[in-house]
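Here's the structure we're looking at; comments come further down.
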Amino acid sequence: MKAFVVDKYKKSGPLRLADMPDPEIGADDVLVRMHAAAINLLDSKVRDGAFKLFLPYRPPFILGHDLAGTVLRTGANVQQFKAGDEVYARPRDGRVGTFAERIAVDASDLALKPASLSMEEAASIPLVGLTAWQALVELGKLKPGQKVFIQAGSGGVGTFAIQLAKHLGATVATTTSAANTELVRSLGADVVIDYKTQDFEQLLSGYDLVLNSQDARTLAKSLNVLKPGGKLISISGPPDIAFARSLGLNPVLRFVMRMLSRGIVKKAKRRGVDYAFLFMRADGRQLAEIAKLIDGGVIRAVVDKVFPFAQTADALAYVETGRAKGKVVVRAL
Ligand SMILES: NC(=O)c1ccc[n+]([C@@H]2O[C@H](COP(=O)([O-])OP(=O)(O)OC[C@H]3O[C@@H](n4cnc5c(N)ncnc54)[C@H](OP(=O)(O)O)[C@@H]3O)[C@@H](O)[C@H]2O)c1
């Protein structure tokens with residue numbers, strides 16, 4: 001089958017269109033014919049080798065972390081899906097590779113695709129939807145009446161997280177540039193800050209939760225908008241010791257991660273707030289919950305551009321500009 005592969009870890013290295021063997025399915029797997037894949041900055045980071053210490057893939061490997069498609073075949077233990085079902089997923093780490101014609105996915109990572117969405121829209125959801133869910137629902141335990149600051153509201157994670165936070169009953173502040181103010185307001189943002197001309201640290205205070213997705217300086221400033229007892233959840237690092245433990249990393253890597261997050265953990269303690277790093281994980285059950293919200297009209301997909309499969313590398317380059325409004329999707333062959 002045709003697939004886009006990484007031949008060697010390299011910063012901004014090329015993707016190569018290759019002929020790869022068809023995936024084999026195990027007893028718990030589902031073989032999916034790809035209809036659409038979304039692009040994530042995780043694709044760039046994996047290709048660059050930024051995560052190879054704890055997420056090692058052996059080149060040549062197929063890139064791609066989001067899918068919408070049709071079930072072709074199921075493994076012997078799979079009860080909940082059958083051939084012909086329309087599904088969506090963020091396949092688990094170690095088994096990614098959605099820039100391809102077909103992929104074998106663990107059935108517990110899959111859910112039926114939201115019926116109200118096209119394949120392209122459905123592919124745009126899993127990674128960012130799960131990230132927002134795990135940050136706001138699981139870790140953040142966001143409650144009605146609480147205040148949450150979601151950075152980069154016009155991005156892939158931000159466009160989903162704003163809608164989910166509003167559904168949970170929170171007041172939402174967000175940052176974006178002036179051109180995207182209308183977009184984030186239409187998603188439900190209550191307070192919109194133009195990060196190019198305004199300083200969120202001066203404008204926000206008493207927040208219960210911050211979802212940080214930007215650089216170290218923004219992370220440190222985010223502490224100052226939280227009230228005592230508030231939570232700072234970062235999806236852009238630094239990784240912490242709890243993350244290292246969850247991966248079962250060796251003592252050396254645990255030590256490295258403890259050191260990487262030592263500064264922010266100390267500062268957070270001093271301010272009486274909590275710091276946590278989140279690295280999202282695959283979860284088909286959560287995707288089924290998300291599909292209900294989408295089909296119920298609570299959350300909509302925000303797709304900026306759809307590229308043909310042959311232009312997968314261009315789609316990745318577009319996302320790497322940092323200017324995407326919502327998600328960028330590739331239509332499969
Ligand atoms: N740990 C995890 O599990 C996890 C999961 C998902 C994503 N992430 C990480 O989270 C980050 C965001 O991901 P994403 O997919 O949402 O990114 P994205 O879609 O590429 O974000 C693009 C958006 O960010 C906005 N933006 C750029 N610089 C900004 C700034 N300084 N302040 C506010 N907004 C800004 C841009 O708006 P303008 O054009 O208006 O500037 C654009 O709309 C990435 O680093 C990604 O790797 C981590």
Problem set entry | The one condition in (1) crowded, with 22+ Cβ neighbours inside 10 Å; (2) over 26 Å from N250 (Cα atoms) that V96 fails to fulfil | (2)
Exercise. When segment 33-74 is examined, which residues are found to be among the small types (G, A, S) and either near the ligand (Cβ under 10 Å from one of its atoms) or touching a Cys at 6+ places or on another chain (Cβ under 9 Å) (or both)?
Worked result: A38, S44, A50
For this session: Find all pairs meeting these conditions: Cβ atoms under 6 angstrom apart; at least six residues apart or on different chains; first residue within segment 135-163 and under 17 Å from V319 (Cβ atoms) and in contact (Cβ under 8 Å) with a residue 60 or more places away in the chain; second residue more than 11 Å from the ligand (Cβ to nearest atom) and in a helix (DSSP H, G or I).
Result: none
Exercise. Yes or no: Q151 within 14 Å of the ligand (Cβ to nearest atom) and either polar (S, T, N, Q) or modelled with pLDDT under 95 (or both)?
Worked result: yes
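Let's see how each residue does on (1) within 30 Å of T181 (Cβ to Cβ); (2) under 22 Å from the mean Cα position of the chain (by Cα); (3) not assigned by TED's automatic domain parsing to the domain that holds A111:
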site: G230; (1), (2), (3): yes, no, yes
site: S236; (1), (2), (3): yes, yes, yes
site: V273; (1), (2), (3): yes, no, yes
site: D314; (1), (2), (3): yes, yes, no
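With the condition kept exactly as written, say whether any residue in segment 311-318 is within 13 Å of the ligand (Cβ to nearest atom), buried (at least 21 other Cβ atoms within 10 Å of the Cβ) and under 30 Å from T218 (Cα atoms).
In the first step, residues of segment 311-318 are kept if they are within 13 Å of the ligand (Cβ to nearest atom); the result is 315-318.
When the remaining residues are screened for being buried (at least 21 other Cβ atoms within 10 Å of the Cβ), the result is 315-316.
Imposing the further condition that a residue be under 30 Å from T218 (Cα atoms) reduces the set to 315-316.
Yes; the residues of segment 311-318 include at least one that is within 13 Å of the ligand (Cβ to nearest atom), buried (at least 21 other Cβ atoms within 10 Å of the Cβ) and under 30 Å from T218 (Cα atoms).
Check whether at least one residue in segment 131-139 is outside any helix (DSSP H, G or I) and either basic (K, R) or under 18 Å from the mean Cα position of the chain (by Cα) (or both), and report yes or no. Walk me through how you get there before you give the answer.
Step one: filter segment 131-139 for residues outside any helix (DSSP H, G or I), giving none.
No, every residue in segment 131-139 fails to be outside any helix (DSSP H, G or I) and either basic (K, R) or under 18 Å from the mean Cα position of the chain (by Cα) (or both).
Listed here are the residues, each with its yes/no results for (1) more than 15 Å from the chain's Cα centre (by Cα); (2) of a type in the set (S, T, Y).
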{"site": "D22", "(1), (2)": "yes, no"}
{"site": "L42", "(1), (2)": "no, no"}
{"site": "L53", "(1), (2)": "yes, no"}
{"site": "Y57", "(1), (2)": "yes, yes"}
{"site": "I62", "(1), (2)": "yes, no"}
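So, in segment 154-170, of the ones that are away from the ligand (no atom under 13 Å from the Cβ) and assigned to a helix (DSSP H, G or I), which residue ends up surrounded by the fewest Cβ atoms within 10 Å (Cβ to Cβ)? Lay out the reasoning, then the answer.
So in segment 154-170, the residues away from the ligand (no atom under 13 Å from the Cβ) come out as 163-170.
Still in the running and assigned to a helix (DSSP H, G or I): 163-167.
Numbers: Q163: 23, L164: 25, A165: 31, K166: 18, H167: 15.
Ranking the qualifying residues of segment 154-170, first place goes to H167.
Hey, among A173, A244, which residue is assigned to a helix (DSSP H, G or I) and buried (at least 20 other Cβ atoms within 10 Å of the Cβ)? Break it down stepwise before answering.
On the way: A173 fails: assigned to a helix (DSSP H, G or I).
Within the list A173, A244, the selection yields A244.
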Exercise. So how many residues does segment 44-103 have that are without any contact (Cβ under 8 Å) to a residue 60 or more places away in the chain and in a strand (DSSP E or B)?
Worked result: 11
Exercise. Does S116 count as more than 11 Å from the ligand (Cβ to nearest atom) and either in a strand (DSSP E or B) or surrounded by fewer than 21 Cβ atoms within 10 Å (Cβ to Cβ) (or both)?
Worked result: yes
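In segment 281-299, how many residues are surrounded by fewer than 21 Cβ atoms within 10 Å (Cβ to Cβ) and more than 16 Å from the ligand (Cβ to nearest atom)? Walk me through how you get there before you give the answer.
Of segment 281-299, the ones surrounded by fewer than 21 Cβ atoms within 10 Å (Cβ to Cβ) are 281, 285-286, 288-289, 292-293, 295-298.
If we keep only those that are more than 16 Å from the ligand (Cβ to nearest atom) as well, we get 285, 288-289, 292-293, 295-298.
Count: 9.
The values are calculated or read from the model by the stated rules, or taken from the named source; none is laboratory data. Just so it is clear, the structure is predicted and the values come from calculations on it, not from any experiment. Note that we place each Cβ from the backbone using ideal geometry, even for glycine, and neighbour counts take in every protein chain shown.
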